[in-house]
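First comes the structure, then the notes that go with it.
Read the figures in this text as sums done on the coordinates, not as results from a lab. This one's a predicted model, so the numbers in the text were calculated from it and none came from an experiment. Neighbour counts run over all protein chains shown; Cβ positions are idealised from the backbone, glycine included.
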Number of protein chains: 2
Amino acid sequence: MSLRYALLALLAVEPMTGYDLAKRFESSVAFVWHAPDSQIYPELRKMAKEGLLRAEEVSWGQRGKKTQYRISQEGRAAFREWMNAPVEYSRERDPVHLKAAYLEWTEPVTARKHMQAHIDYHTLRRDQWAEMIAGLRAGTNEMLNKRLAATPEADRRRTIEYKIFTYEGLIARAETEIEWGKRGLKLIDSLSGPSLQGS
Amino acid sequence: MSLRYALLALLAVEPMTGYDLAKRFESSVAFVWHAPDSQIYPELRKMAKEGLLRAEEVSWGQRGKKTQYRISQEGRAAFREWMNAPVEYSRERDPVHLKAAYLEWTEPVTARKHMQAHIDYHTLRRDQWAEMIAGLRAGTNEMLNKRLAATPEADRRRTIEYKIFTYEGLIARAETEIEWGKRGLKLIDSLSGPSLQGS
DNA sequence: ACAGACTATCTATAGATATAGTTAGTTGGC
DNA sequence: GCCAACTAACTATATCTATAGATAGTCTGT
């Protein structure tokens, strides 16, 4: 399970509340990992109990208060340990390709719609990631700037480059999917006879 | 949830027992969908109760018996309906890229190991899929042959082509990942200084 | 002073998934 | 006749995940 490590990665930059983290999960990290708040809050409490985080009550307004979580030495050690451990590749689970394998069950029009949706989905993702990279390069990414501020000079370049490299991988993947989708459209047309081409 | 549709797709070819299906899930379909028997058996019972399958007791040896599931008309309709519905793209959840984004936490040697593992993993997958395609083209894929036997002549070509197309998509994806891994290795070397290159 | 938007947290529930068993019959080889 | 490998099916448990909604305080503008 990677949720806790995604949380540790964010908390390594600065202390945050569950709410802050949930918001981050909707924006930046969301491209790589998603989690709803109902999963984040319990996980944070669990991690605090295990000593990976320290919970700090912070007052907010007159009566309000919130819990801020700060990563502990154990937390940093746990994250570093996870970083050093090999990735566990989970078993395949791919609805898109499952469906693609049985496209002969559908009308060409529907098959085309599936492929077009695939292309649209990954085009959107690709553009979002490209924007992300632009922000990283331009130095306008807030999270990265905070991270860099707490990073020794010698490691800054690596920190930036690895982030960009990650998003470039996601872009490459999206582009492969787009290409596959386009090939799919062509295949559908060629199989449904020339009379229907371009429909 | 796609498990039931993966089951319906297999049962559309011929009736099978839970055991047969679990085995298929370890081999052919495993490239696209994985499920352990402890998930398959309950799902089959549920589907039978909902009328998508008919359960048939088959005797096996002297005392043994097994339950064979046969797809019903409702089952076929449900599968076709699912095939016509757009794919629901689930939220991102990608441990590999999550880890890649924080590679600066590790030593170059470890970072290289991660990348090499990624390359190895996808090389293996790519080769398996290539073999799959070879089998589809050569007509030695047992499952496909059974499927074709029950398919009207006019639809056979599409059935084969869509299968091949699916696996070609998986191959393309694997190759993108391999390329990304190789770029990662180069990046790690260039960031860790020329003295360590090639180590 | 109040509405509306936002911040903050928590709960409940259902369903999905992984892991690790248990039980029992069958088949084939030695 | 027995063992090993295989077939068949089921159970238990823990964790993960999604969806939805409940509660309550804060902040901003009118």
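Tabulated data
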item	result
Choice from A:159, A:123, A:106 with maximal GNM fluctuation in chain A (Cα, 10 Å cutoff)	A:106
Cα-based Kirkwood hydrodynamic radius, chain B, one decimal, Å	20.0 Å
For residue A:54, label point 7 Å along C-beta direction: distances to other copies, nm	6.9
Of A:163/B:186; B:113/B:186; A:46/A:66, pairs whose Cα-Cα distance is over 21 Å	none
For residue B:152, label point 7 Å along C-beta direction: distances to other copies, nm	7.3
The stretch A:2-84: relative contact order in percent, alpha carbon pairs under 8 Å with at least 6 residues between	34 percent
Difference of contour (0.36 nm per residue) and Cα-Cα distance, residue A:58 to residue A:37	5.6 nm
Label zone at residue B:84 (point 7 Å along Cα-to-Cβ), backbone N below 20 Å, the stretch B:145-174	B:152, B:155, B:159
Using alpha-carbon coordinates, inclination of helix B:37-49 to the longest axis of chain B, degrees	40 degrees
R0 of 25 Å, Cβ-Cβ distance residue B:110-residue A:23: FRET efficiency to nearest 0.05	0.20
Candidates A:60, A:33, A:129: whichever shows maximal mean-square fluctuation once chain A is modelled as a Gaussian network with Cα springs under 10 Å	A:60
Where N is the number of residues in the protein assembly as shown, Cα Rg divided by 2.2 N^0.38 Å	1.15
Percent RCO, i.e. relative contact order, over the stretch B:65-196, from Cα pairs under 8 Å lying at least 6 residues apart	36 percent
B from A by rotation - nearest chain A beta carbon to the axis, in Å	A:176, 2
Distance histogram for the stretch A:1-85 (every C-alpha pair counted, 10 angstrom bins, percent rounded to whole numbers)	18, 52, 26, 4, 0
Spin-label pair residue A:117/residue A:150, simplified geometry with 7 Å Cα→Cβ offset, distance in nm	4.1 nm
Gaussian network model of chain B, springs between alpha carbon atoms under 10 Å - residue of B:119, B:188, B:171 with greatest fluctuation	B:188
Other-chain or far-sequence residues with amide H under 5 Å of residue B:151's (modelled H)	none
